Amino acid sequence: MITESKANVDIRIYRFMAFGDKKLIRISTLNKDNLFLEIFSVENYADSIIYDKKFDSWGANLKSKEMTSKYNVLNLPNLDYDFITSKQLATVNDGNIYYVEAKIGKNFTFLTFENPEIYAKHFSEQVPQAAPFVKFISDIEKLTNTKIH
């Protein structure tokens, strides 16, 4: 459970595809000198690691915070069913759902992004939080050379 994590920065992004594939993306630090970025495929109770990298450099805590603050990901409003229906948008059931669980120091947050790729493409004005989240995931993909969505 993330609340028991000893890391100063621990961000876990759970990605669920409507018809199958599930992934866990974890960005974490244990001290100011190490940044860990891991991506797991989670299927049928068997986790398999897709990407695992440790960045050894002074300022890893700053680097991890920069990754999330660039698009202000931890402060974006939820893009969940309640938000979508309150804006009277079409409900999309075929795509990706992301749950973001984050611990920074002693602060915790939990966010939901339902199908941000679709809403960023077709409803960007009504759903301004979708595009930054999609760009954040895209940056992680570029950094890891791994396809997440």
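Below are the figures for this structure:
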read-out	value
Of LYS106/LYS142; LYS103/LYS142; LYS6/LYS121; LYS22/LYS87; LYS22/LYS106, those spanning more than 26 Å from alpha-carbon to alpha-carbon	LYS106/LYS142; LYS6/LYS121; LYS22/LYS87; LYS22/LYS106
For the chain, built as a Gaussian network whose Cα springs stay under 10 Å, the top-fluctuating residue of ILE25, ILE49, ILE13	ILE49
Max mean-square fluctuation residue, GNM over the chain, Cα-Cα springs under 10 Å, options ASP21, ASP33, ASP82	ASP82
Accessible surface ranking that places the most exposed of LYS70, LYS22 first, with a 1.4 angstrom probe	LYS70, LYS22
Simple spin-label estimate for LYS147 and TYR99 in nanometres, 7 Å along Cα-Cβ	2.6
Average Cα contact separation per residue, the chain, under 8 Å, 6 or more apart, as relative contact order %	22
Around LYS147: net Lys/Arg minus Asp/Glu count, Cβ-Cβ under 12 Å	+1
LYS54, LYS121, LYS6, ranked by accessible area, largest first (probe 1.4 Å)	LYS6, LYS121, LYS54
Computed lengthening from GLU4 to ASP82, 0.36 nm per intervening residue step minus Cα-Cα distance	25.1 nm
The chain, accessible area per residue, ligands and nucleic acids excluded (1.4 Å, Å²)	57
Unit charges on C-beta of K, R, D, E only; dipole of the chain, Debye	440
With all protein chains modelled, accessible area of THR144 [1.4 Å, Å²]	10
Tilt relative to the chain, helix 130-144 - C-alpha long axis, 0 to 90 degrees, to 10	40
Probe 1.4 Å - accessible area at LEU79, Å² to nearest ten	0
For LYS87, net neighbour charge (Lys/Arg +1, Asp/Glu -1) across residues whose Cβ lies under 15 Å away	-4
Exposure ranking of PHE40, PHE16, PHE108 by accessible area [1.4 Å probe, largest first]	PHE108, PHE16, PHE40
Whole-percent carbon and sulfur share, accessible surface of the chain, 1.4 Å	52
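The values are calculated or read from the model by the stated rules, or taken from the named source; none is laboratory data. Note that the coordinates shown come from a computational prediction; the quantities given were computed from them, not determined experimentally. Every residue, glycine as well, gets a Cβ built from its backbone with ideal geometry; the counts of neighbours run over all protein chains shown. The area values use the complete protein model at the heavy-atom level, side chains included, leaving out ligands, DNA and RNA. Shrake-Rupley method; radii C 1.70, N 1.55, O 1.52, S 1.80 Å.
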